[in-house]
1. Search the structure for amide H atoms under 5 Å from the amide H of residue 326, placed 1.01 Å from N in the peptide plane, and list their residues when 5 or more places away or on another chain.
2. Going highest first, how would you order 354-362, 265-273 by mean Cβ packing within 10 Å?
3. For the stretch 1-98, what's the relative contact order in percent, using C-alpha pairs closer than 8 Å and at least 6 residues apart?
4. Once the other residues with Cβ under 11 Å from the Cβ of residue 29 are scored (Lys, Arg +1; Asp, Glu -1), what is the net sum?
5. Please give the net charge around residue 132, taking every other residue with its beta carbon less than 11 angstrom from that of residue 132, where Lys and Arg add +1 and Asp and Glu add -1.
6. Over the chain, what is the relative contact order in percent, taking alpha-carbon pairs closer than 8 angstrom and at least six residues apart?
7. What percent does the relative contact order of the stretch 122-181 come to when contacts are Cα pairs within less than 8 Å and at least six residues apart?
8. Short version: ³J(HN,Hα) in whole Hz for each residue of the stretch 362-373, in order, from phi by Karplus 6.51 cos²θ - 1.76 cosθ + 1.60 (θ = phi - 60°), x for Gly and Pro, what are they?
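The values are calculated or read from the model by the stated rules, or taken from the named source; none is laboratory data. Because the structure is a prediction, the values reported are computed rather than measured. We place every Cβ from the backbone using ideal geometry, glycine too, and count neighbours over all the protein chains shown. Calculation scope for accessible area: heavy atoms of the full protein, side chains included, ligands and nucleic acids excluded. Shrake-Rupley method; radii C 1.70, N 1.55, O 1.52, S 1.80 Å.
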Amino acid sequence: MKTVYLDSAATTQLRPEVVETMTAVLADSFGNPSSTHHSGRASKSLIEKARKDIAKQLNVHPGEIIFTSGGTEADNLILQSCVRDLGVERIISSPIEHHAVLHTIEELAADRGIQADWVNIKKCSNIDYEHLAELLSDTSKKTLVSLMHINNEVGTKLDVERVAAMAKDAGAYFHSDTVQSIGHYDVDLGASGIDFAAVAAHKFHGPKGAGFAYVRKDTGLKPLIFGGAQERGMRAGTESTHNIVGMAKALEMAYANLEEERAHIQGIKDYFIAQLNEHMPGINFNGSCADPSQSTYTLLNVCLPIPPQKALMLLFQMDLKGIACSKGSACQSGSTGASHVLSAFLSEEDLKKPSLRFSFSIFNTKEEIDYVVGILKEFIDS
């Protein structure tokens, strides 16, 4: 059976060079990085080199990179520690954030009594910057703004420099979940004005179980996980050397080939849009996902002209035909309700129609797109 993988926003295929690098570390550098003997020192050296390489790429200090198990842990570390250690009493966020942010804010509101304010979302899926400015005009409480750089379901891009400036003017901190942007955009974290960011390796052809939190120096955050003194005391637990080195290799390759690979992926997305428009009258693209000035080049969220009763079988049929895609975030794949992201800006009528997220990588081809469009058309016409 032919297989087509169009779910790279959920996770990406590892580059062969990353697998090779990680395999070598697993075989030859198995020492505990906290051990003082030669085997431990060798592992520690690999970790610190990876930290320096990542920091240089993002224009930050190595000490501002804290290795974690992924984006979710990084988001939790930042949000919870900001409330506990920095005296944050109020968080401004949006209803289209990843659940790693939304659920953490909800818990902090319930358990710590913080005030949660939600910026409005426009019909195009962009945040309402005027409403954000209005929310920030209230400076009576220490505030953290938490808004993702690129939405993981519809791909909407945030103007992070604009938000960072707005937050700074209001005396607020700014945290951004950059899981869908680091490795795909040339992000200068040092100059961006972002105070805190979360990153996951498996979104840019690195390993799962590896990520990092960017924490601007001298902010005063303390650890969320206690135990040993790893990560300069900021994250206890024996480091996963092979995953960290694999992440650094994946990031290095992502930026070494950024322009060429971006052009390829953008070409795949543009071709998909053109083919869908040609072969499927009545199709819609959710939010701004078809607008290259407003949305990432890596994904497309499509609303299909299918009756609701028929839509129940759509993902199942796609899978039977070897096509991997999703109806939203992989983290909520078991949910039967409407996507919380789409629910924030689509009408009730549009929410009744089935929507699918297709996300692309360097490994996709136009021939695969032809196959997918053919299967979709066959299903709609049947």
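1. Amide H neighbours of residue 326, under 5 Å, 5+ apart: 357.
2. Working: 354-362: 23.1, 265-273: 18.9.
Per-residue mean Cβ counts within 10 Å order the peptides as 354-362, 265-273.
3. Numbers: 37 pairs, mean separation 9.2, N = 98.
Computed over the stretch 1-98, the figure is 9 percent.
4. Working: positive: 41, 44; negative: 28.
Residues close to residue 29 contribute a combined charge of +1.
5. Numbers: positive: 162; negative: 117, 128, 130, 134, 159.
Residues close to residue 132 contribute a combined charge of -4.
6. Numbers: 711 pairs, mean separation 91.1, N = 382.
Relative contact order of the chain: 24 percent.
7. On the way: 64 pairs, mean separation 24.6, N = 60.
Relative contact order comes out at 41 percent.
8. 5, 8, 8, 10, 5, 4, 5, 4, 4, 5, 5, 4
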